[in-house]
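Structure record follows, encoded as structure tokens.
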Amino acid sequence: MIAEKPLAEQDEKKIFLIKDLLEDKKAENIVILDLREISSVTDTMVVASGHSDRHVQAVSEFLLQEMKKHGFYPLGSEGLQGGRWALLDYGEIVVHVFYDEVRQHYDLEGVWRDAPVIFDGRGTENNYSVTE
């Protein structure tokens, strides 16, 4: 399902900054889900994979540092040193970076399968209109 409700401009910029930073560090299978209508915990979930535990760590640390450079600080983070599953909580956006086997086990995309897709990881961004 493609998300139809427009994103606020600031949220859209932050979401696609995260996507671009993940791509810069060669994160794989990036999926961005719109949870605004189905979750009270967060508005957007970003899920990405690393090909090794060190890659997961590198991607997560890079994202954390680069987001700080842009003025975005996480409310919390978990698993940065473990390399299996790192979580960065930016409030309205929660980022999960998984080692692929762990991602398959927890299957967050399956859990949230009813969520509209903002970005599907195949290089195509769904057309989102931005609110003024």
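The values are calculated or read from the model by the stated rules, or taken from the named source; none is laboratory data. All values reported here derive from a predicted model rather than from experimental measurement. A quick note on method: Cβ atoms are made from the backbone with ideal geometry, for glycine too, and the neighbour counts reach across all protein chains shown.
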Out of all the residues in region 20-40, which are farther than 17 Å from residue 85 by Cβ and out of contact with any Phe, Trp or Tyr (no Cβ under 6 Å at 6 or more places or on another chain)?
-> 20, 21, 23, 24, 26, 34, 35, 36, 37, 38, 39, 40
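From the list 89, 120, which residue is touching a Leu at 6+ places or on another chain (Cβ under 9 Å) and among the charged types (D, E, K, R)?
The match here is 89.
Yes/no matrix, rows are residues, columns are (1) without any contact (Cβ under 8 Å) to a residue 60 or more places away in the chain; (2) out of contact with any Leu (no Cβ under 8 Å at 6 or more places or on another chain):
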{"site": "27", "(1), (2)": "no, yes"}
{"site": "30", "(1), (2)": "no, no"}
{"site": "50", "(1), (2)": "yes, yes"}
{"site": "56", "(1), (2)": "yes, yes"}
Hey, residue 95 assigned to a strand (DSSP E or B), buried (at least 18 other Cβ atoms within 10 Å of the Cβ) and modelled with pLDDT of 95 or more or not = yes
Pairs only if they're at least six apart or on different chains, beta carbon under 6 angstrom, first in region 96-107 and in contact (Cβ under 8 Å) with a residue 60 or more places away in the chain, second loosely packed, with under 11 Cβ neighbours inside 10 Å; list them, first residue then second.
-> none
Extreme residue, farthest from residue 10 (Cα to Cα), among residues of region 76-92 that are surrounded by fewer than 22 Cβ atoms within 10 Å (Cβ to Cβ) and among the aliphatic types (A, V, I, L, M) | 80
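Being modelled with pLDDT under 95, crowded, with 16+ Cβ neighbours inside 10 Å and more than 15 Å from residue 109 (Cα to Cα) is the requirement here; does residue 12 meet it? Quick ask: steps written out before the conclusion?
Values: modelled with pLDDT under 95: yes; crowded, with 16+ Cβ neighbours inside 10 Å: yes; more than 15 Å from residue 109 (Cα to Cα): yes.
For residue 12, the condition - modelled with pLDDT under 95, crowded, with 16+ Cβ neighbours inside 10 Å and more than 15 Å from residue 109 (Cα to Cα) - is met.
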Could you please give the count of residues in region 23-60 that are farther than 18 Å from residue 91 by Cα and assigned to a helix (DSSP H, G or I)?
-> 9
Answer yes or no as to whether residue 7 is over 13 Å from the mean Cα position of the chain (by Cα) and surrounded by 20 or more Cβ atoms within 10 Å (Cβ to Cβ).
-> yes
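For residues in region 21-75 being among the small types (Gly, Ala, Ser) and over 17 Å from residue 11 (Cβ atoms), which is surrounded by the fewest Cβ atoms within 10 Å (Cβ to Cβ)? Let's see the steps before the verdict.
Here is the first cut: in region 21-75, the residues among the small types (Gly, Ala, Ser) are 27, 39-40, 48-50, 52, 58, 60, 71.
Checking which are over 17 Å from residue 11 (Cβ atoms) leaves us with 27, 48-50, 52, 58, 60.
On the way: 27: 28, 48: 27, 49: 23, 50: 28, 52: 11, 58: 17, 60: 29.
For region 21-75, the residue satisfying everything is 52.
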